[in-house]
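Right, one structure below, let's go through it.
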Amino acid sequence: MSSNHRINGARLWQSIMEMAKIDALPGGGCGRLTLTDGDLKARELFTRWCEDAGCTVTYDRLGNMFARREGRDPDALPVAIGSHLDTQPHGGKFDGIFGVLAGLEVVRTLNDLGLETDAPIEIVNWTNEEGARFAPAMLCSGVYAGLFDLDFALSREDADGLRFGDALERIGYAGTEACGDNKFGAFLEAHIEQGPVLEHHGEVIGVVTGGQGQRWYDVTVTGRDAHSGSTPMPGRSDALVAAARLIQAVQHIALDNGPDGVGTVGELHVNPNSRNTIPGEVRFTIDFRHPDDEVLSVMDTSLLAQVGAEKDAKVELEMIWHNPPVRFDTACVDAIETAAEAQKLPYRRMVSGAGHDACQVARKVPTAMVFVPCRDGLSHNEAEWAEPEHLEAGCNVLLQAALTLSRQMAPAS
Ligand code: HGY
Ligand code: MN
Ligand code: MN
């Protein structure tokens, strides 16, 4: 199959803009948390589009969706192409959505060209990639890859104490197929970079060779509620002041392990959150990341030391997730690089700073990713933006890499 095939960039852009209308936010982004009514609407629109493109759509026990386009060899393991349709609370139009709809555009293009692939193609929408509502992130691709068990996923609770399993039932996406039963020969994910590297170097394609490691923690700091006016400063047990020392420590630990180390406190809850009561309890989250797992454990040790040094309040630290760095499959990475070269697109090999479903699936299936730039490297922000021509270029690379891998999956036919 010639490598001159090209997707329909206008149709891809139109689909992304259409999907962005679901739970659109005033600032131009999307707030479509997983397993909400908006997520259900996105799933229904995705299903309609895939069925219109001749795919058979199924979903597994965790609502991971698979839209299958048959190939010449029904026994060949499919080439899967996908990402996620859930967003952050103040997310953008492209994070995840580009990867799912790029998979759809590949199928639509194959239909336009009347091309039958050797191996089948499956477009995938992974449930709960973001982890914003139910931690950890990449939860359901993680169960697919055998990193978490089903009950762990179903038992996760959101801030209101609602169980993942109940929220999944509520939108009607608790399928019967076991999560992990649907085998792939390869998995490809297209995504915006969510960082500044490609834009800074004027490149259009990131040939992603792997993902960095991450550790997520839940922290509970317990002090003592007391009157803000009549309680002398000495002897207070102010949970928020103790939490502030720990939050500063997260910043210093990340900077001490720079330039690649990053640390973020993204969620913080103060109780009783009254201006004239000394806070007796503070709960917050920590997200540490680094490409080198050994450095991640050094960061962990530094954090434990800081917790141990805290005298004014009780600190409970729970590491809820350790995702070691992952390397993508050589043949899949090469297929993406070869496509970028054949299409004369400026590219670089790089490791992903953000986590992705591909980082989970790669532990079970030959996997790789293709990145395109995003403006100012900004993501998880309503102002997230990608240029139509970059999305088109990334999808063209995806098409060519998928065709290459499809031939490799079914050499016999
Ligand atoms: O956390 C991440 O890197 C991804 O956006 N879920
Ligand atoms: Mn994403
Ligand atoms: Mn994201």
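Any chance you could check the Cα centroid distance between region 62-102 and region 205-248 for me, in angstrom?
About 36 Å separates the Cα centre of region 62-102 from the one of region 205-248.
By how many degrees, between 0 and 90 and to the nearest 10, does the Cα long axis of helix 37-52 differ from the longest principal axis of the chain?
10
Mind checking the angle between helix 293-309 and the chain's longest principal axis? C-alpha axes, 0 to 90 degrees, to the nearest 10.
20
What does the helix-only formula give at 222 nm for the chain: each DSSP H stretch with n ≥ 4 adding -39500 (n - 2.57), the total divided by the residues, and the result rounded to the nearest 500 deg cm²/dmol?
So the helix-based figure for the chain works out to -10500 deg cm²/dmol.
Among 391, 188, 25, which one shows the biggest mean-square fluctuation in a GNM of the chain, springs joining Cα atoms closer than 10 Å?
25
So in the chain, which Cys have no other cysteine's beta-carbon sitting under 4.7 angstrom from theirs?
30, 140, 179, 332, 359, 374, 395
Over the chain, what is the mean sequence separation of C-alpha contacts under 8 Å (at least six apart), divided by residue count, expressed as relative contact order in percent?
24
Which of the three applies to region 155-199, rounded, prolate or oblate, going by the alpha-carbon gyration tensor with a ≥ b ≥ c and a/c under 1.5 meaning rounded?
Verdict is oblate for region 155-199.
How much length is gained if the chain between residue 310 and residue 264 is pulled fully straight, taking 0.36 nm per residue apart and subtracting their Cα-Cα distance, in nm to one decimal?
So the chain would gain 14.6 nm between residue 310 and residue 264.
Within a Cβ distance under 13 Å of residue 11, other residues only, what is the Lys/Arg minus Asp/Glu net charge?
My count for the surroundings of residue 11 gives -3.
Please give the helix 9-19 orientation as an angle from the longest Cα principal axis of the chain, in degrees from 0 to 90, rounded to the nearest 10.
Its long axis makes an angle of about 40 degrees.
Out of the DSSP beta bridges found with both residues in the chain, what percent are antiparallel (nearest 5)?
Looking only at bridges with both residues in the chain, the antiparallel portion is about 70 percent.
Give the distance, in whole Å, between the Cα centre of region 133-148 and the Cα centre of region 1-57.
So the separation of the two Cα centres works out to 22 Å.
In the structure shown, do any of 21/344; 314/364; 93/344 have a Cα-Cα gap over 32 Å, and if so which?
With Cα atoms farther than 32 Å apart: 21/344; 314/364.
Determine the relative contact order of region 175-279: mean sequence separation of Cα pairs under 8 Å and six or more apart, normalised by residue count, in whole percent.
25
Taking the Cα centre of the chain as origin and charging only Cβ (+1 Lys, Arg; -1 Asp, Glu), how large is the dipole, in debye to the nearest 20?
Roughly 260 debye, rounded to the nearest 20.
Give me the number: length gained by fully extending residue 233 to residue 298, i.e. 0.36 nm times residue separation minus the C-alpha to C-alpha distance, one decimal in nm.
Computed gain between residue 233 and residue 298 is 19.9 nm.
Between region 345-413 and region 263-295, how many Å separate their Cα centres?
About 32 Å separates the Cα centre of region 345-413 from the one of region 263-295.
For region 129-239, just say rounded, prolate or oblate: build the C-alpha gyration tensor, square-root its eigenvalues into a ≥ b ≥ c, call rounded for a/c under 1.5, and beyond that prolate if a/b exceeds b/c, oblate if not.
The shape class here is oblate.
What is region 1-119's relative contact order, in percent, from Cα pairs under 8 angstrom and six or more apart in sequence?
Once normalised by length, the contact order is 32 percent.
Coordinate-derived values only; no laboratory data. Remember, it's a predicted structure, so these values are computed and weren't measured experimentally. Every residue, glycine among them, receives a Cβ derived from its backbone with ideal geometry; neighbour counts consider all protein chains shown.
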